[in-house]
Amino acid sequence: MTMLITRRTSPPRARTALGAGLAGLLALTGVTALAGTADAATTLASAAAAKGRYFGTAVAANHLGEAPYVSTLNTEFDSVTPENEMKWDAVEPSRNSFNFSAADRIVSHAQSRGMKVRGHTLVWHSQLPGWVGGLNAADLRSAMNNHINRVMGQWKGKIHSWDVVNEAFQDGSSGARRSSPFQDKLGNGFIEEAFRTARAADPAAKLCYNDYNTDGINPKSNAVYAMVKDFKARGVPIDCVGFQSHFNSASPVPGDYQANLQRFADLGVEVQITELDIEGSGTSQATSYGNVVKACLAVTRCTGITVWGITDKYSWRASGTPLLFDSNYAKKPAYTAVLNALGGSSDGGGGGGGGASCTATYAKAEEWSDRFNGRVTITAGSAPISTWSVTVTLTPPQRISATWNGSPTWDSSGNVMTMKPNGNGNLAAGASTSFGFTVMKNGTSTPPVIGACTAS
């Protein structure tokens, strides 16, 4: 097979400063943000779920304040991977001094939506602060294990899969390990040590090796395959292998892509497509995306697909327009091809595609010993809406004693309130309104569950 692109393909850090953003702040303070989704199997996530897979995207914390970005994220995806926010230089810029705030915003947002989170990445030669490379072997081993323990410990029980080691093999025909501080000072055993440390740090998380240019059967993927086979034979904890799958016209989806995924799966590990993007446009791009999805569906242990970003305008390869939504969040032919390959069908709506959509965010307001006030903010997506509807579910024996700025109805149990506009429900794109209510605690302070916002 022709070798794929030989430059480092894991996306570089965005150079813009992280901004908290409205949605990020809401997530950080425990506010729940919920978006309307279309009927089952009319979004990427729902269609993938029907096939027993997740469908995720890379997320940048500094875009969580942009309404169309959040609306599309919430509507279409059920898994997130922090784009740069969990990498070593972001979380441990100086030795034993950790900063988790940006990644925390992403994890909190995902948890508020019931999304999976993929951790990316613990041990990698790139985006590595300079102090790491200056350590001697003993200090480097200590620093690596401390980093794994501290970072995994921060989100223990919250991460579905971790990219424990990233891009440890060279490009080309040698199948050799890549030169890095870890390889050069700790030797071949550093990968095994990282995985063993990671297993102890969070036994519930799936542990993955992740790399690029390994999508087809070639010397680099053969070297990774040999390592995984050895790990499985010796009981080294490894649960999954990530295939980044960055493609373009010079390095297209290889003809043996499915066969390569299958041979890894046959070793007893999950395979995950972790950073998918395909440069191009129109029918050609759509066909390639569809073929990737079909290959994953054909391999039982291919458990999910993550595209490396939501919209072309924020892609690390923006000039190649490699994603499923264009710069205006309109669904591209590639989106339709993916949805069809997953067995879904488009209804023409959904987040960011120009159809009616909305988000609902909840915040507790005043509180007394026997009751508290809640406030729900409705925000239109990237297109105007004429009405909206949101459910509020209480924990019995709580009861709502008063409402304002909306028209409520109740189910037969009295536990579920459906709130609609009290009069004109028109909202311009990105505009907001709110309603409120008083909850009588009756012995429990559990916050209400806010359902998905639906709009037309």
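For Leu186, Leu44, the ranking by accessible surface with the largest value first comes to Leu186, Leu44, using a 1.4 Å probe. Partners of Lys294 within straight-line reach, counting lysines whose Cα lies under 16 Å from its Cα and excluding those fewer than 8 residues away in the same chain: Lys51. Where only DSSP H runs of four or more residues are counted, the chain gives -8500 deg cm²/dmol as its mean residue ellipticity at 222 nm, each run worth -39500 (n - 2.57). The alpha-carbon of Lys232 sits under 15 angstrom from the alpha-carbons of these aspartates and glutamates, leaving out residues fewer than 8 places away in its chain: Glu192, Glu193, Asp266, Glu270.
Per residue, the accessible area of the chain comes to 36 Å² when a 1.4 Å probe rolls over the protein heavy atoms.
Counted over the chain, the DSSP beta bridges are approximately 55% antiparallel. Counting pairs of alpha carbon atoms under 8 Å apart in space and at least six apart in sequence, what relative contact order in percent does the chain give? This gives 16 percent for the chain. Identify which of the listed values of Rg and Dmax of the Cα atoms in Å was calculated from the structure shown: (1) 21.0, 67; (2) 23.8, 94; (3) 23.0, 71. Step by step, Rg and Dmax of the Cα atoms in Å for this structure corresponds to label (3).
Counting only protein heavy atoms and using a 1.4 Å probe, the accessible area of Trp131 comes to about 50 Å². Partners of Lys441 within straight-line reach, counting lysines whose Cα lies under 28 Å from its Cα and excluding those fewer than 8 residues away in the same chain: Lys364, Lys420. Fully extending the segment from Ser179 to Lys364, taken as 0.36 nm per residue of separation minus the present Cα-Cα distance, adds 61.4 nm.
The values are calculated or read from the model by the stated rules, or taken from the named source; none is laboratory data. Everything quoted here is computed from the prediction, not taken from an experiment. Just the protein is used for accessible areas: all its heavy atoms, side chains included, with ligands, DNA and RNA removed. Shrake-Rupley method; radii C 1.70, N 1.55, O 1.52, S 1.80 Å.
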